[in-house]
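Here's the structure we're looking at; comments come further down.
The values are calculated or read from the model by the stated rules, or taken from the named source; none is laboratory data. Source: prediction; values computed, not measured. Cβ placement follows ideal geometry from the backbone for every residue including glycine, while neighbour counts extend to all protein chains displayed.
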Amino acid sequence: MAKVYSFSVPDDEVQLIAILDELKSRKMLSHEIVKLLKTFYLGRDHNTELISKEMLMLLEIKKKLEEYEKWRQEILLKLTELEEKLKQKQEEKQTEDDLSHIRILREVHFDDIDKIRESINNGADLIDLSRQIKARLNGFATERGLSYPDAKRIFFKAFPDLKDKLEGLL
């Protein structure tokens, strides 16, 4: 009596499929597979029981490592998605918090922004102009309890068109 096993071969294994088809047509497939498996797993001149146990353990470890890697990739993807969502929520909250600051900048500290833009467009000394803007931003930061870098960030949110011209100077 013999035990029957079934297995599949991926379509891209063209050479292996051709060999298996040839062996099957000559009715040698089962014999050759058994012979190859015996040689591979049991070897020659070895303690067959020990080798087969070690081989099974090795195969089990490999399978668990593959499962772990698949799980790890899924978890990393979920982690990345969660980090992106959290970052987006933080940015939305920051923008919401910044709105009142932006309004104050536009209406109080830089209500003359059109004159500043005009000066820039007319070739004003950007270093002198940046000193004036820095002084105003320092006052704004002190008044609102902000750091200067935060005041500068909010300034460029309020007036994004000036970022290219003044960012390195402020």
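The residues of the stretch 1-43 that are surrounded by fewer than 10 Cβ atoms within 10 Å (Cβ to Cβ), among the hydroxyl-bearing types (Ser, Thr, Tyr) and under 27 Å from residue 58 (Cα atoms), listed by number, are 5, 6, 8.
Is the stretch 122-134 home to any residue that is among the polar types (S, T, N, Q) and either exposed (fewer than 10 other Cβ atoms within 10 Å of the Cβ) or modelled with pLDDT of 95 or more (or both)? For the stretch 122-134, residues among the polar types (S, T, N, Q) and either exposed (fewer than 10 other Cβ atoms within 10 Å of the Cβ) or modelled with pLDDT of 95 or more (or both): present.
Being assigned to a helix (DSSP H, G or I), over 15 Å from residue 158 (Cβ atoms) and at pLDDT 90 or above is a property that holds for residue 89. Evaluate the following for residue 111: is it within 16 Å of residue 159 (Cα to Cα) and not in a loop (DSSP other than H, G, I, E, B)? When the stated conditions are applied, residue 111 does not pass them. Is it fair to say residue 84 is among the charged types (D, E, K, R), modelled with pLDDT of 90 or more and under 30 Å from residue 157 (Cα atoms)? In short, yes. The residues of the stretch 150-170 that are part of a helix (DSSP H, G or I), of a type outside the set (D, E, K, R), surrounded by 11 or more Cβ atoms within 10 Å (Cβ to Cβ) and out of contact with any His (no Cβ under 7 Å at 6 or more places or on another chain), listed by number, are 151, 155, 156, 158, 162, 166.
Being assigned to a helix (DSSP H, G or I), under 32 Å from the mean Cα position of the chain (by Cα) and not β-branched (Val, Ile, Thr): is that true of residue 103 here? No: the conditions fail for residue 103.
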